[in-house]
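Comments concern the structure below.
The values are calculated or read from the model by the stated rules, or taken from the named source; none is laboratory data. Predicted, not measured: the structure shown is a model, and the values here were computed from it. Backbone-built Cβ (ideal geometry, glycine too); neighbour counts: all protein chains shown. Only protein heavy atoms, including side chains, enter the accessible area calculation; ligands, DNA and RNA are left aside. Shrake-Rupley method; radii C 1.70, N 1.55, O 1.52, S 1.80 Å.
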Amino acid sequence: MAAPPVVLSIAGSDPSGGAGIQADLKTFATLGVYGAAAVTCLTVQNTLGVRSFTPLDPLLVTEQIRAVLDDLPVSHVKIGMVGSAAIASAIGGILRDFSGEVVYDPVLKAGTGQSLLAGEARAALAQLLDRATVLTPNLPELAALSGLPCATATEITAAATALFQRHPRLAAMAVTGGHRDEAGREIVDLLYQRRPDGSLATSEHRHPRLASRNLHGTGCTFASALAACHALTGSYEKAFREASRLVAALIEQSADLSLGHGTGPLLHHLVRRTP
Ligand code: PLP
């Protein structure tokens, strides 16, 4: 039997199973890649919100990553919540010699609003941005990382362009549009790809905005799906479209779910039933 592609998630643990490594591993299994996971932080949360989070010792984080990279043929690393400056630096260091794709979802806050990054850690994220080949920010994350406003299409492109200029390894950036025009009927996800001459190619995927309270883990699922689909196809464009389509389908299929008392999760296994 041929081995499937191996994708390593480096992220926080969500004991309620909706986000973090739990969402990442469900996404990988759903899409048919083998998922490994190195934990950065233990969060204490449920669908109602994050009660606390504890970053692990950075050495323990790098030892997990090293053990996986020493043994498994990892082609793609997906980074989510890192939690502290020391962990961001440790991951940046251990991935210095990793030659595969690094998909970085720059998690700053939970969907319910709580910060998921220690106060002083923002500057250390530059080390991860320097390692990343693909970035998957939402609009508040793009604005925070670039230091630029992201209210209009022109501003979003200017902010993306600034990050491509600052981080030469970045080949692609998928900006999820859920936070834009929140009263609007449509969500527009954007993909920027660096051309050989340095200019940016742009494409977009539009899908209807669906009313659902079950949005916990959508960012993690999008970034993991993009990593998995790129591992399977080698195309940023195909991976972006498939990730965008998958998250939209999961939101639709999970909309009637009543699980937990707050922002409920996606039911990843349902996607197997889509034609
Ligand atoms: N990573 C972890 C461990 C989390 O707990 C959360 C949110 O609670 C996130 C990432 C971000 O989640 P989302 O995919 O909803 O943006």
Residues of the chain: accessible area per residue with a 1.4 Å probe, Å²
44
Under a point spin-label approximation (7 Å from Cα along Cα-to-Cβ), what is the Arg185-Ser199 distance to one decimal in nm?
3.4
Leu60 versus Thr154, label points 7 Å from Cα toward the beta carbon: distance in nm?
5.0
Accessible carbon and sulfur surface of segment 6-270 relative to its total accessible area, %, 1.4 Å
55
Note, Ala162: beta-carbon cut-off 15 Å, +1 each Lys/Arg, -1 each Asp/Glu, net -1
By average Cβ neighbour count within 10 Å, what is the ranking of 246-257, 134-145, 215-226 from highest down?
215-226, 134-145, 246-257
Heavy atoms of Ile187 accessible to a 1.4 Å probe, total area in Å² rounded to 10:
30
With Cβ to Cβ distances under 13 Å as the rule, what net charge do the other residues near Thr202 carry (K, R +1; D, E -1)?
-1
Rounded to whole Å, give me the distance from the Cα center of segment 156-176 to that of segment 1-68.
25
Counted charge near Leu232, where neighbours are those whose Cβ lies closer than 11 Å (Asp, Glu -1; Lys, Arg +1):
0
